[in-house]
Amino acid sequence: MSTSVATKRRTVLDSLGIQHRTGLGPHSAPYRNAVADDVYDELCATLFSGFPRRDQRLKAEQYLRGLLTAQGRKSIRNIAAQIGGAAAEQSLHHFISSSTWDWRPMRAALAGFLEQNSCPQAWVVRSMPIPKAGEHSVGVDRRFDPERGQVFRGQQAFGVWFAAEELSVPVNWRLFLPDPWVKDRTRRDRAEVPEGAGEETLEECAVAAALDTARWQDVTRKPLLLDIRGGAGRAALNRLAGAGVPVVARIGATCRLSVADRALPGFGAGPLPAQQILESLKGLRRPVGWLDTASGTRTSRTSLATVVRVALPAPAGERMRPLLLLGEWDDPRRPPSRLWITDLTGATVGTLLRLTKLSRRVERDFTQVGEGAGLRDFVGRSFRGWHRHITLASAAHAATVLATDWDTAFEPGRTAS
């Protein structure tokens with residue numbers, strides 16, 4: 001964050017006495033102070049300078065301001081109510097759903113802004129289920145939601161978040177299109193799905209979102225945190241390696257790997273379940289300290305963890321890529337709680353474990369900021385409308401976390417004055 005914004009933010013929050021969770025949110029004091037205005041102005045100047053017409057820039061600014069101030073669901077109607085009612089609603093609806101502006105340069109600009117102002121340590125791919133009551137919103141289908149453990153009707157999207165210990169922001173999105181939306185010409189035409197959108201698995205959709213981000217100019221590639229427990233794994237890792245994107249991937253206990261260290265048990269035994277490998281190496285575990293910023297306070301915690309050199313089984317004649325298997329234990333008497341593989345083979349166990357904790361930061365910021373910024377609130381039906389809305393909602397999320405000192409805002413024992 002620029003020195004001016006960071007200093008103003010701290011000064012204003014101190015003067016307001018804002019230290020407690022109560023009262024923080026998109027409609028509360030931090031969003032109506034000088035710091036929030038500074039961040040809003042900087043974001044608008046950065047993100048909307050590419051619009052060729054002044055009226056487009058004005059509508060984008062109005063929409064962003066509405067996302068930050070509208071009560072309840074961030075529908076176009078509620079946003080328009082902040083700036084002019086029915087006439088504004090029609091104008092904003094056209095701007096989001098029917099206009100021709102491309103959302104991709106705005107996302108790249110947001111990523112560049114965050115690199116200058118927040119120093120992201122990793123990219124985190126997060127799945128976002130979006131429940132829907134109707135059938136006509138683009139991408140809607142019946143699917144299983146692992147967050148709730150149940151089947152629901154709705155959309156599925158993947159966001160690429162720039163994450164650091166202090167904050168995280170989504171910068172890129174990909175909407176998963178199930179087979180009925182890929183193959184049904186009537187549905188595609190009605191939702192204005194681009195010709196290039198084809199069949200893909202959920203894992204391929206998640207990886208494609210990361211690869212799209214990696215193609216942006218002037219964006220520094222960071223380690224990518226990705227969950228491949230439900231997918232093929234090898235294909236995802238190969239695609240990302242080919243693009244030069246380092247990966248720290250969450251895997252399941254049964255993922256089969258080969259021990260690559262001659263000095264360790266299991267070497268030469270062929271592919272073994274990852275959990276079995278780690279259980280045989282419990283004697284190598286050591287305590288690793290990490291900072292928990294997802295619980296509402298900056299709390300120092302310690303986990304037991306270890307790493308071992310492994311390789312994914314490869315087809316005959318193909319060289320096995322060297323990887324590290326990382327295991328973390330919550331209870332030393334039980335199997336490892338979380339397992340990851342990574343091609344960051346020179347990293348220490350402490351560095352890797354602390355990287356994985358950034359996914360907790362993303363979960364916290366999505367729940368406490370992203371939901372309120374409208375990430376799941378688009379009520380239109382079109383493919384382009386969804387992408388434009390969520391791009392601006394991501395900007396609203398960025399404005400929120402950059403204008404609010406979240407880590408001190410949640411310290412217990414102090415209340416807003």
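Across region 295-367, the volume of the C-alpha convex hull divided among the residues equals 127 Å³ per residue. Surface exposure of region 55-140, expressed per residue as accessible area with a 1.4 Å probe, stands at 42 Å². Projecting the Cα atoms of Phe162, Thr46, Leu323 onto the charge dipole of the chain (Cβ charges, centred on the Cα centre) puts Leu323 farthest toward the positive pole.
For region 107-150, GluC sites (Glu not before Pro) meeting the loop criterion (DSSP other than H, G, I, E, B) and having at most 16 other Cβ atoms within 10 Å: Glu135, Glu147. With respect to the chain, whose longest principal axis is taken over its alpha-carbon atoms, helix 202-214 is tilted by about 70°.
Taking the dipole about the Cα centre of the chain, with the C-beta of Lys and Arg at +1 and of Asp and Glu at -1, give me whichever of Ile96, Ser359, Met106 is farthest to the positive side. Working it through, the farthest residue towards the positive pole turns out to be Ser359. Around the Cα centre of the chain, unit charges on the Cβ atoms of Lys, Arg, Asp and Glu (plus for the first two, minus for the last two) sum to a dipole of about 520 debye. In order along region 366-372, phi translates into HN-Hα couplings of 4, 5, 8, 10, x, 4, x Hz, rounded to whole numbers, per the Karplus curve 6.51 cos²θ - 1.76 cosθ + 1.60 with θ = phi - 60° and x for Gly and Pro. Pairs of C-alpha atoms in region 113-259 farther apart than 19 Å represent 57 percent of all such pairs. With a simple spin-label model that places each label point 7 Å from the Cα along the Cα-to-Cβ direction, the separation between Glu135 and Leu202 comes to 2.3 nm. Convex hull of alpha carbon positions in region 142-214: directionally averaged projected area 6.2 nm².
Rolling a 1.4 Å probe over the protein heavy atoms gives region 225-265 an accessible area of 45 Å² per residue.
Ranked from largest, the principal axis spans of the Cα set of region 50-117 equal 37, 25, 17 Å. By the compact-protein rule of thumb, 2.2 N^0.38 Å, the alpha-carbon radius of gyration of region 208-285 corresponds to a ratio of 1.34. Relative to the longest principal axis of the Cα atoms of the chain, the long axis of helix 34-47 lies at roughly 80 degrees.
Compute the acute angle (0 to 90°) between the alpha-carbon long axis of helix 383-403 and the principal axis of greatest extent of the alpha-carbon atoms of the chain; round to the nearest 10°. So the inclination is approximately 90 degrees.
Restricting the trypsin sites (Lys or Arg not before Pro) of region 138-188 to loop positions (DSSP other than H, G, I, E, B) with no more than 14 neighbouring Cβ atoms within 10 Å leaves Arg148. One decimal place: the segment Thr297-Thr220 gains 24.8 nm when fully extended, by the rule 0.36 nm per residue minus the C-alpha distance. How much of His387 can a 1.4 Å solvent probe reach, expressed as accessible area in Å² and rounded to 10? For His387, solvent-accessible area is about 10 Å². Subtracting the Cα-Cα distance of Ala243 and Arg262 from their residue separation scaled by 0.36 nm leaves 3.8 nm. Normalised by 2.2 N^0.38 Å, where N is the number of residues, the C-alpha radius of gyration of region 258-400 stands at 1.39. Counting 0.36 nm for each residue step from Gln56 to Glu318 and taking away their Cα separation leaves a gain of 89.1 nm. Excluding residues fewer than 8 places away in the same chain, name every one of the lysines whose C-alpha is closer than 27 Å to that of Lys282. Output for Lys282: Lys357.
Each semi-axis of the equivalent ellipsoid for region 90-173 is √(5λ) with λ an eigenvalue of the Cα gyration tensor; in descending order they amount to 27, 22, 8 Å. Take every Cα pair under 8 Å whose residues are at least 6 apart in sequence, average their separation, divide by the length of region 123-166, and the relative contact order is 51 percent. Applying D = kT/(6 pi eta Rh) to region 176-308, where Rh is the Kirkwood radius over alpha-carbon pairs, T corresponds to 25 °C and eta to 0.890 mPa s, the Stokes-Einstein value obtained is 133 µm²/s.
With both residues required to sit in the chain, DSSP beta bridges show an antiparallel share near 90%. Accessible surface of the chain, 1.4 Å probe: 49 percent of it comes from carbon and sulfur atoms.
In loop segments of region 308-363 as defined by DSSP, the trypsin sites (Lys or Arg not before Pro) with at most 14 further C-beta atoms inside 10 Å of their C-beta are Arg319, Arg333.
Heavy-atom accessible area for Leu237, with the other protein chains in place and a 1.4 Å probe, reaches approximately 10 Å².
The values are calculated or read from the model by the stated rules, or taken from the named source; none is laboratory data. Please read all numbers here as calculations on a predicted model, not as lab measurements. Please note: Cβ atoms are built from the backbone with ideal geometry, for glycine as well, and neighbour counts cover all protein chains shown. We work out accessible area using only protein heavy atoms, side chains counted, and drop any ligands, DNA or RNA first. Shrake-Rupley method; radii C 1.70, N 1.55, O 1.52, S 1.80 Å.
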